[in-house]
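Input: a single structure, listed below in structure tokens.
The values are calculated or read from the model by the stated rules, or taken from the named source; none is laboratory data. From a predicted model like this one, the values you see are computed outputs, not experimental measurements. Positions of Cβ are generated from backbone atoms using ideal geometry, with glycine treated the same way; all protein chains shown enter the neighbour counts.
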Amino acid sequence: MTTAIAPSAPLTAEDRCDRCGAQAYLRVELASGGELLFCAHHAREHGDRLKEIAVAVHDETHKLASTPAVAPDDES
């Protein structure tokens, strides 16, 4: 018997951090079948412990660096 793990769905703006309610950029899948969602701040704060309990981690924190800080000049 082969067990396949389905890839995690991308995180969206509707996914919220379980600690503070900010947009989640990290999903931690647990052996129990549950999941935890974290903003980048709380993912860093709890990172060592999360690595110990995670079965899989879906990390989209790279999206934070790709978002422009300000709108281009030609955008109204």
key: Pick from the stretch 25-45, criterion touching a residue at least 24 places away in the same chain (Cβ under 8 Å) and part of a loop (DSSP other than H, G, I, E, B), ranking: surrounded by the most Cβ atoms within 10 Å (Cβ to Cβ)   = 25
ask   = Are there any pairs with C-beta distances below 9 angstrom linking a residue in the stretch 55-76 that is part of a strand (DSSP E or B) and of a type outside the set (Ser, Thr, Tyr) to a residue that is surrounded by fewer than 10 Cβ atoms within 10 Å (Cβ to Cβ) and at pLDDT below 65, with the two at least 6 apart or on different chains, and if so which?
value = 55/5; 56/5; 58/7
task = Filter the stretch 9-21 down to residues that are in a loop (DSSP other than H, G, I, E, B), touching a residue at least 12 places away in the same chain (Cβ under 8 Å), out of contact with any Lys or Arg (no Cβ under 7 Å at 6 or more places or on another chain) and under 15 Å from residue 61 (Cα atoms), then give me how many there are.
result = 3
query = Has the stretch 16-28 got at least one residue that is at negative phi, over 11 Å from the mean Cα position of the chain (by Cα) and at pLDDT below 95?
reply = no
